[in-house]
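Working notes for the structure below.
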Number of protein chains: 4
Amino acid sequence: MLADPESAIDVACGKNGAVFGISSGKGYVDVSTVDAASSILISKQIKDTGALFLEAPVSGSKKPAEDGQLIFLTAGDKPLYEKAAPFLDIMGKSRFYLGEVGNGAAMKLVVNMIMGSMMASFAEGILLSQKVGLDPNVLVEVVSQGAINAPMYSLKGPSMIKSVYPTAFPLKHQQKDMRLALGLAESVSQSTPIAAAANELYKVAKSYGLSDEDFSAVIEALKAAKSRD
Amino acid sequence: MLADPESAIDVACGKNGAVFGISSGKGYVDVSTVDAASSILISKQIKDTGALFLEAPVSGSKKPAEDGQLIFLTAGDKPLYEKAAPFLDIMGKSRFYLGEVGNGAAMKLVVNMIMGSMMASFAEGILLSQKVGLDPNVLVEVVSQGAINAPMYSLKGPSMIKSVYPTAFPLKHQQKDMRLALGLAESVSQSTPIAAAANELYKVAKSYGLSDEDFSAVIEALKAAKSRD
Amino acid sequence: MLADPESAIDVACGKNGAVFGISSGKGYVDVSTVDAASSILISKQIKDTGALFLEAPVSGSKKPAEDGQLIFLTAGDKPLYEKAAPFLDIMGKSRFYLGEVGNGAAMKLVVNMIMGSMMASFAEGILLSQKVGLDPNVLVEVVSQGAINAPMYSLKGPSMIKSVYPTAFPLKHQQKDMRLALGLAESVSQSTPIAAAANELYKVAKSYGLSDEDFSAVIEALKAAKSRD
Amino acid sequence: MLADPESAIDVACGKNGAVFGISSGKGYVDVSTVDAASSILISKQIKDTGALFLEAPVSGSKKPAEDGQLIFLTAGDKPLYEKAAPFLDIMGKSRFYLGEVGNGAAMKLVVNMIMGSMMASFAEGILLSQKVGLDPNVLVEVVSQGAINAPMYSLKGPSMIKSVYPTAFPLKHQQKDMRLALGLAESVSQSTPIAAAANELYKVAKSYGLSDEDFSAVIEALKAAKSRD
């Protein structure tokens, strides 16, 4: 599960890349997190050898990976998908086949766009509850019991209240995914004002030096500065 | 469970209001959805009679109410809270005691603020997935399996995709709660850019005549107009 | 030119208010900056005496007032407007008659809403130019020569670059006007996402303790905090 | 004044490009509107021939060009700037020398970012004034007399009120510049929430089919749809 397009392209197509050891009858399943363009590039080179290609980025970060609870968002050659399915089932709890290469990456971006906005909104709620004199831990508890209960809130809320951000998904990656999702939206002239506002908060958090902390550190972007310079 | 401050005040303090039949040794539990100011007003009049007062707005709409799954966000006289608890437990699945009168209303606003932003973000995701050629039903399914899974998404997603909005929580009430939450945030100089952006979308939806449909109709605010006039 | 509704109401309708010394044949011109509701209240009490009423809030702050360059946004009794015109012309450079009482206040809010958004946008530009290595003074100069040249930019830009905010229009008043304008927009279901985003910045600036400095201090809300706590 | 990077690169570096007829002792002044990366690419190829290079994008659209009122935002070889100055002075009313290649493009993006936000804010004001029963033409007049008076408002306001958008600067170019400016801001982790919100409106306008009309058509993005589908 390579973290960026460059590494994924290098492993697949580089000097000692998979393309040199692959051929018709074989298949290449790429579980890296790359953008659609890189995925299409790798796909093309793999398929030129006669081999099959399956894009299979995952939804889920550190903990789900350790627990075999990943979700595979696959796209590409369906026969390869069917062959890979039993193996994906070992590593993950579910898998989706989404059609042509690039769709896996796009689905992941849409999911992460929603996730980024939700986290920013949750951060607003935590701080607002504190400022008006409510116990934010009670807010987290109330949220956990209603229609908006999401595992992410229960998992991250308590540490956010303590201003601790153990990194499961780095903030800079969340910001990058917001940017890519905004680009995707722009490519189809889709308005996404919530994601755009959330992206600005992740940018603020980055300017505070929080790029490598968990994306829940976005809450810092909403806190008042102690003093102005 | 009265829908607005005026009705709640009338029932409690009006011509035939509860204040005329209540006195020391008795208690008044108000499960209406009112703003903090109205709640404090009712509280004062009830308490002037010597009776106890408990503010007890609920989190949860039509379906949870029918199923006895409401969440009570109470505040006011603790002895009355303790006496009322067994009855609240029949109607709801949980209850919180939040201190002084007004805190129940504030907690509800914070929760609804997050809810409104989440729904607007989810709407962005559904439309974006459609526009880039993904099946939005698959998006709803993918979301339902990950860290951002919330009951609301699974419940409303499928009907939103069909542009159907059976009213559980009217859009105009969600917009009103966004506005009140923004006012609450402003009163403590708390920045809430996500909620502010979401509020604008609910306003657009209202201008489309969707006030009385479910708040999930906010998705209409993100769709391109067919033509300009 | 009273600063707030309370003072304006007191001077007009209070214990020693104008209403006790006014009567048919006379007129009351209120150049205070009040909201429409207060203006309508004062109007009613003045007119109950038989006197005429003219609402006449001004556009323009300290410097234009000193220079007799104010703009009067009047509404109410037209005969009084015509009588007052020569006097308004002494204090201001122009005057508008806008119809029924409340319209003067509404016009002022719309103008100040645009002004607040423009200033926030200008602040974004100044900081962005600095961060990418351009001289912000040159930006101010370039802006001053083109289609977006506004006197406000030339006046405030140089001091904003020096992080100095001599108060002509207090930031807290600008934020209040943004809030009132957003309320006005909501009353007619008009979406105003730019003003909503700008308002959030003024709120941030208020939380930094800049309420009484000039509204150009909103630029501080866009600067990265030195460190997080 | 070529409209896009591709044309500019082709004219400079293409099959029959300027690079083949240029050499030491000569100079190339590029008045195209390109991004910094393209400008740097052209610069490199020109300078490899021994010739000097000056990037000189203009601020100002159709009318200022016709009137010789353009503003040149130049960057690159200073000796060439000094030689070109008399010619730039014929076509434009002023010129700025901004240092290394890329700075001209960056300055233009910052200016256009402010312009795009200002126009979106102005559009909000026009519609809000209409909706609350004020005459938007009076708003345009009031604005023209105060601290926020900008030539663009007086020029475009009257036609915006009539929903007419004669193209001086195409909306799709304004949206592209907003996007590029947001990218520039992101590259230095600068938060720009106003520009981000404005960009969303230009995207909505594009989805309405208004790409080739003047960017003042962004006002359409704020109008309520007649009906939902």
Q | Karplus 3J(HN,Hα) series, Hz, for the stretch C:201-217 with 6.51 cos²θ - 1.76 cosθ + 1.60 (x for Gly, Pro) | A | 5, 5, 5, 4, 4, 4, 5, 8, x, 9, 3, 9, 7, 5, 5, 5, 5
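Per the Kirkwood treatment, what hydrodynamic radius in Å, one decimal, follows for the stretch B:16-129 from the mean inverse distance over all distinct Cα pairs?
15.1
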Q. Using the Kirkwood formula over every pair of different C-alpha atoms, what hydrodynamic radius in Å results for the stretch B:181-225?
A. 11.4
Q) How far is A:Asn16 from the same spot in each other copy, in nm, shortest first, if each label point sits 7 Å from Cα toward Cβ? A) 5.1, 8.8, 9.3
Q: Once you have a ≥ b ≥ c as the square roots of the Cα gyration tensor eigenvalues for the stretch B:58-106, tell me rounded if a/c is under 1.5, and otherwise prolate or oblate according to whether a/b is larger than b/c.
A: oblate
Q) Each residue of the stretch A:60-71 in turn: what ³J(HN,Hα) in whole Hz from Karplus with 6.51, -1.76, 1.60 and θ = phi - 60°, glycine and Pro shown as x? A) x, 10, 3, 4, x, 5, 4, 8, x, 10, 6, 10
Q | Charge dipole (debye, nearest 20) of the stretch D:5-101; +1 at Cβ of Lys and Arg, -1 at Cβ of Asp and Glu | A | 160
Q: State the residue of chain A whose Cβ is nearest the axis carrying A onto D, and the distance in whole angstrom.
A: A:Ala196, 2
Q.
Ignoring solvent entirely, what values of log10 I(q)/I(0) come out of the Debye formula for chain B at 0.09 Å⁻¹ when each Cα is a single scatterer?
A. -0.43
Q: Give the nm distances, rounded to one decimal, from C:Lys63 to the matching residue in every other copy, measuring between label points 7 Å along Cα toward the beta carbon; shortest first.
A: 2.5, 5.6, 6.0
(Q) Check which residues have an amide H placed less than 5 Å from A:Leu98's amide H, if you skip close sequence neighbours. (A) A:Thr74, A:Ala75, A:Gly76
Q | Efficiency of FRET from Cβ geometry, C:Glu82 and D:Lys93, R₀ 35 Å, rounded to 0.05 | A | 0.20
Q | Among B:Leu52, B:Ile161, B:Val31 - extreme Cα towards positive end, dipole of chain B, charges at beta-carbon | A | B:Ile161
Q) Using unit Cβ charges (K, R positive; D, E negative) and no other charged atoms, how large, in debye to the nearest 20, is the dipole of the protein assembly as shown about its Cα centre? A) 0
Q.
How far, in nm to one decimal, is B:Pro166 from itself in the other copies if the label point is set 7 angstrom along Cα toward Cβ? Shortest first, please.
A. 4.2, 5.5, 6.6
Q.
For Cα pairs less than 8 Å apart in space and 6+ apart in sequence, what is the mean separation divided by the residue count of chain D, i.e. the relative contact order in percent?
A. 15
Q | Size of electric dipole in the stretch D:106-222: Cβ of Lys, Arg +1 and of Asp, Glu -1, about Cα centre, debye, nearest 20 | A | 200
Q. Quick one: helix A:36-48 against the long Cα principal axis of chain A, what's the angle to the nearest 10°, folded into 0 to 90?
A. 10
(Q) Using C-alpha positions alone, give me the convex hull volume of the stretch D:106-222 per residue in cubic angstrom. (A) 101
Q | For the protein assembly as shown, average projected area of the Cα convex hull in nm² | A | 42.6
Q: Determine ³J(HN,Hα), in whole Hz, for all residues of the stretch C:21-26 in sequence, where each value follows from phi through the Karplus function 6.51 cos²θ - 1.76 cosθ + 1.60 and θ = phi - 60°; x replaces Gly and Pro.
A: x, 10, 6, 3, x, 9
Q: Could you tell me which of the pairs A:Lys83/A:Lys108; C:Lys62/D:Lys156; C:Lys47/C:Lys108; A:Lys206/C:Lys206; A:Lys83/A:Lys176; A:Lys26/A:Lys172 are separated by over 26 angstrom between their Cα atoms in the structure shown?
A: C:Lys62/D:Lys156; A:Lys83/A:Lys176; A:Lys26/A:Lys172
**Q.** Overall form of the stretch A:83-137 per C-alpha gyration tensor (a/c, 1.5; a/b vs b/c)
**A.** oblate
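For n ≥ 4 DSSP H runs only, could you compute -39500 (n - 2.57) per run for chain D, divide by its residues and tell me the 222 nm figure to the nearest 500?
Here the helix-only value at 222 nm equals -17000 deg cm²/dmol.
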Q) Quick one: helix D:78-91 against the long Cα principal axis of chain D, what's the angle to the nearest 10°, folded into 0 to 90? A) 50
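Read-outs throughout are calculated quantities, based only on the coordinates presented, and are distinct from any laboratory measurement. Note that the structure is predicted; figures quoted are calculated from it, not measured. Ideal geometry is used to build each Cβ from the backbone, glycine not excepted, and the neighbour counts take in all protein chains shown.
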